[in-house]
Amino acid sequence: MRMTSRQLADVLVNGALKADTKKLGAVVKAYVEFLASRKELHRLPSIEKELGRSWSRAQGFSKLTVESAHPISSKESAAIEKAAGGADVSITVNPGLLGGVRIQTESALFDASIAGSLEQLKQQLVSSLA
Amino acid sequence: MTTKSELVNALREQVKAFEGGAREQKVGTVLSVGDGIVRISGLEHCQASEMVEFPGGVMGVALNLEEETVGAVVIGDTSSIKEGDQVKSTGRILSMPVSEAVIGRVIDPLGNPKDGKGPIKSKEFFPIEKVAPGVMTRLSVSVPLQTGIKAVDAIIPIGRGQRELIIGDRQTGKTAIAIDTIINQKGQNVKCIYVAIGQKESKIAKIVAKLEETGAMEYTTVVVAGASDPAALSFIAPYSGCTIGEYFMAKGEDALIIYDDLSKHAWAYREISLLLRRPPGREAYPGDVFYAHSRLLERAARLSPEYGGGSLTALPIIETQGGDVSAYIPTNVISITDGQIYLESDLFYKGIRPALNVGISVSRVGSAAQTKAMKKVAGKLKLELAQFRELEAFAQFATDLDEKTRSQIERGRRLTEVLKQPQYKPMPFDEQVAVIYAVVNGYADKVKVDDIVAWQDGLVAHMHGGGASALEKIRSTKDLAPETEADLKAAIEMFVQK
């Protein structure tokens, strides 16, 4: 039975999530062997493209961007990494936020920054004028 | 006058009432932009026809909800949207502000002013797409909506809550009928909405100027999606015009809406659908183009008194190509509406204006939407015209015909002549009754066909002078009772003798 790239990516992600980090190499080896047995190694690039979405389906998100107004401590960033559940984490400093943080995944934006609050206040004032 | 401290206090109160803090927002990312269509990844839990916001406040509508992506049309300028931009969902279904303040204004399909007369203040938002009133809430059409056009009011009467299609080739006077109808609603307590879909801005400007000149803008709203606006605006324009009409209908008022025209609406929808890669059907229109029009026209209704008793009358316009009424969109809309006014270019060039083909124009509501007075005179008119059409072919052998046939042809010619009417000159129904009564009863038989127009003007002037009591009775009773008829007859005879 032919499987879509999406299904093949799901197989890899689910296998990898169940195994612990040390056995990851073995999982990937088994996966490549599985592809080779199906003569589908050429599909690896398209599977790689699907991996992000597969990861999101399994874990909720695959990319996490944290912006903060001031540099955050290594302890805090370690906590973020842990909470991210294996997603790609990027932490940047954006003084434009004035204060607080802004956290973004592929489909959601959590805004707890001063700049965001000010924007909200501006919208409220404008809409009360209309 | 406001003092400075009051201003500061007002500002402080606003700021005090503000509840800040962290908030969550559903977002997505622009994957591709082109031809007014944006594909977006992310945007989980996006609803069908939900408004989405692009950077810079440009709005879009989510139309295609797919497994991984959302296809949206942009309402406005796409040039500022880039790949990778963040898209925010608003949680709001496509809606527009409605209020009394839209009357007399020219607006775009989202309710923004286009006439430079300042912002329109409205507190209520109505969704642009709404389910039409159901069976239990409706009442059958029985109150006439006078168009002021003799041929229409007498032969193809339109009632409040009806949907009457105006169909014909380009340059046959379709818009003219619609505009005359709006002008004739003065003092009739009917709110009018004119929706221009993909029209030339110059034509719209001309129409607005004419409505202002005749005082019709006082009760009219013009919704504009011009030829240079994106197809998405043309697509939603009739729905938003209908939303305004429904607002008045819900308040128990009568409203009239003109869709000028639904052919261009179908084109706009075809464009959007093809760009969204929906499968094309007949003439490349999408499969649900029928539903696009039927759900729009079903929203025209007359509500029963328990539901406020308001009404929304729809006059959709369809432009045919080469008189072909059997094309896809014309047949669709003909089957949805309660009748059609068919305009022909041949008649138009013959000088019969409005170029109404009385043979194939119908109103399925029929005489239920006519005043008793008009019903009495129109019955005879229809019969005479039908006989005339049968005999017309023999007209050129006039000398070889018997007396009766010849007189029928002559009567028919005068009837055709009297049904002609110049643009922007709607005629009140009492005058219509008097004029048609006079002609069908043979009072014009001795007048030369070329002189009918002058004769008619003379009759109307006379009716306002010597025959004023008969006109007044027709107007107040809306009936042609025997004594009213006797009055009318006497007044006409007096005029004929003069």
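The values are calculated or read from the model by the stated rules, or taken from the named source; none is laboratory data. Model, not experiment: these values are computed from the prediction. Note that we place each Cβ from the backbone using ideal geometry, even for glycine, and neighbour counts take in every protein chain shown. Areas reflect the complete protein model, heavy atoms only, side chains present, ligands, DNA and RNA absent. Shrake-Rupley method; radii C 1.70, N 1.55, O 1.52, S 1.80 Å.
Summary of values
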{"quantity": "Amide H contacts of B:Asp254 (H built 1.01 Å from N, under 5 Å, at least 5 apart or other chain)", "calculated": "B:Lys191, B:Ser311"}
{"quantity": "Cleavage-rule hits (trypsin sites (Lys or Arg not before Pro)) in segment B:41-127: DSSP loop, at most 14 neighbouring Cβ within 10 angstrom", "calculated": "B:Lys82, B:Lys117, B:Lys121, B:Lys123"}
{"quantity": "Cross-link table A:Lys49/B:Lys88; B:Lys425/B:Lys473; B:Lys174/B:Lys420, entries beyond 20 Å C-alpha to C-alpha", "calculated": "A:Lys49/B:Lys88; B:Lys425/B:Lys473"}
{"quantity": "Highest-first arrangement of B:137-145, B:153-161, B:447-455, where packing means the average Cβ count within 10 Å", "calculated": "B:153-161, B:137-145, B:447-455"}
{"quantity": "Peptide A:109-118 - average C-beta neighbours from other chains (10 Å radius)", "calculated": "4"}
{"quantity": "Global size of the protein assembly as shown as Cα Rg and Dmax, reported in angstrom", "calculated": "33.1, 115"}
{"quantity": "Placed amide H near B:Ile166: partners under 5 Å, 5+ positions off or other chain", "calculated": "B:Ile317, B:Ile318, B:Ile341"}
{"quantity": "Surface per residue (accessible, 1.4 Å probe) for segment A:63-129, Å²", "calculated": "58 Å²"}
{"quantity": "Fraction of accessible area attributable to carbon and sulfur, segment B:300-393 (%, probe 1.4 Å)", "calculated": "52 percent"}
{"quantity": "For chain B: span of alpha carbons on each principal axis (Å, largest first)", "calculated": "90, 60, 43"}
{"quantity": "Residue-wise HN-Hα coupling along segment B:342-353, computed from phi with Karplus coefficients 6.51, -1.76, 1.60 (Hz; x: Gly, Pro)", "calculated": "9, 10, 10, 5, 4, 5, 4, 6, 6, x, 7, 10"}
{"quantity": "Cleavage-rule hits, GluC sites (Glu not before Pro), segment A:24-68, DSSP coil, Cβ neighbours within 10 Å at most 16", "calculated": "A:Glu40"}
{"quantity": "Cα-centred dipole magnitude for chain B, charges only on beta-carbon of K, R (+1) and D, E (-1), debye, nearest 20", "calculated": "640 debye"}
{"quantity": "Within the protein assembly as shown: Cβ-based charge dipole about Cα centre, in debye rounded to nearest 20 (Lys, Arg +1; Asp, Glu -1)", "calculated": "840 debye"}
{"quantity": "Helix-only [θ]222 nm of chain B, DSSP H runs n ≥ 4, -39500 (n - 2.57) each, per residue, nearest 500", "calculated": "-12000 deg cm²/dmol"}
{"quantity": "Neighbourhood charge, 13 Å Cβ-Cβ cut-off, centred on B:Ala378 and excluding it, Lys, Arg +1 and Asp, Glu -1", "calculated": "+4"}
{"quantity": "Using θ = phi - 60° and Karplus 6.51 cos²θ - 1.76 cosθ + 1.60, couplings along segment B:306-322 (whole Hz; Gly, Pro as x)", "calculated": "4, 9, x, x, x, 8, 10, 9, 10, 10, x, 10, 10, 9, 9, 10, x"}
{"quantity": "Per residue accessible area of segment A:5-59, 1.4 Å probe, in Å²", "calculated": "66 Å²"}
{"quantity": "For the pair A and B, total buried accessible area rounded to nearest 100 Å², probe 1.4 Å", "calculated": "1800 Å²"}
{"quantity": "Net dipole in debye of chain A [+1 Lys, Arg Cβ; -1 Asp, Glu Cβ; about Cα centre; nearest 20]", "calculated": "580 debye"}
{"quantity": "Listed residue (B:Asn184, B:Val131, B:Ile207) projecting farthest to the positive dipole end of segment B:130-214, Cβ model", "calculated": "B:Val131"}
{"quantity": "Among A:Leu97, A:Leu64, A:Leu41: highest mean-square fluctuation, GNM of chain A, C-alpha pairs under 10 Å", "calculated": "A:Leu41"}
{"quantity": "Top positive-direction residue, dipole computed over the protein assembly as shown with Cβ charges, set B:Gly252, B:Tyr443, B:Leu274", "calculated": "B:Leu274"}
{"quantity": "Cross-link pairs B:Lys203/B:Lys478; B:Lys130/B:Lys200; B:Lys350/B:Lys404 - those with Cα-Cα distance over 31 Å", "calculated": "B:Lys203/B:Lys478"}
{"quantity": "Coil-residue trypsin sites (Lys or Arg not before Pro) of segment A:12-78, DSSP, other Cβ within 10 Å capped at 15", "calculated": "A:Arg38, A:Lys39"}
{"quantity": "Equivalent ellipsoid semi-axes - Cα gyration tensor, segment B:313-467, angstrom", "calculated": "28, 21, 15"}
